[in-house]
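Below: the structure, in structure tokens.
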């Protein structure tokens, strides 16, 4: 599992790790039922606190991306396409909401914002 922590990122370390693991699961780099590094191993590999890696795994488990198997560790959860679709829809809506706020802060009209969105959809 390839995870890069950026010290200059505005995101906390745990969020950086969560986003990267989530992305690897969604894009298929981390395969369904694949075992993840143990909490301690991930902490050692990334040179971070076990508390941080525990939070990452707990958050991802709560979101349904990974599952804990007692005595064996953490694994990529079987794909629940409806759950993944809902999560991606939520992320898209958050991104669009922020884009609209930015557009309005820049003084753009609704038509200009919609036009900009249509340009992205054409690409």
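Every number in this text was worked out from the coordinates using simple rules, so none of it is lab data. Quick caveat: nothing in here was measured; it's all calculated off a predicted structure. So basically every Cβ, Gly included, is an ideal-geometry build from the backbone, and we count neighbours across all protein chains shown.
Taking 7 Å steps out from each Cα toward its Cβ at residue 15 and residue 51 produces label points 1.9 nm apart. Enter the angle in degrees (range 0 to 90, nearest 10) between the Cα long axis of helix 13-26 and the first principal axis of the Cα atoms of the chain, meaning the one along which they spread out most. Orientation of helix 13-26: about 90 degrees from the principal axis. Principal-axis analysis of the Cα atoms of the chain puts helix 110-122 at an angle of about 50° to the longest axis. With distances taken between every two different alpha-carbon atoms, the stretch 13-76 has a Kirkwood hydrodynamic radius of 11.6 Å. Judged by the mean number of other Cβ atoms found within 10 Å, the most tightly packed of the peptides 54-64, 27-37, 2-12 leads the ranking 54-64, 27-37, 2-12. Between the Cα long axis of helix 81-105 and the first principal axis of the chain there is an angle of about 40°, rounded to the nearest 10. Treating each Cα of the stretch 81-122 as an identical point scatterer and summing with the Debye formula, the log10 of I(q)/I(0) at q = 0.14, 0.21 Å⁻¹ comes to -0.39, -0.70. Label the stretch 42-108 by shape, choosing from rounded, prolate and oblate, from the square roots a ≥ b ≥ c of the eigenvalues of the Cα gyration tensor; if a/c is under 1.5 it is rounded, and otherwise prolate applies when a/b is larger than b/c, oblate when it is not. Oblate, since a/c reaches 1.5 and b/c is not below a/b. In deg cm²/dmol, rounded to 500, what helix-only [θ] at 222 nm does the chain give when every DSSP H run of at least 4 residues adds -39500 (n - 2.57) and the total is split over its residues? Helix contribution divided over all residues of the chain: -19500 deg cm²/dmol.
Starting from the coordinates of the alpha-carbon atoms of the stretch 8-123, obtain the Kirkwood hydrodynamic radius over all distinct pairs and give the value in Å to one decimal. Intermediate values should be presented prior to the final figure.
Values: mean 1/r = 0.0609 Å⁻¹.
Hydrodynamic radius (Kirkwood, Cα only) of the stretch 8-123 equals 16.4 Å.
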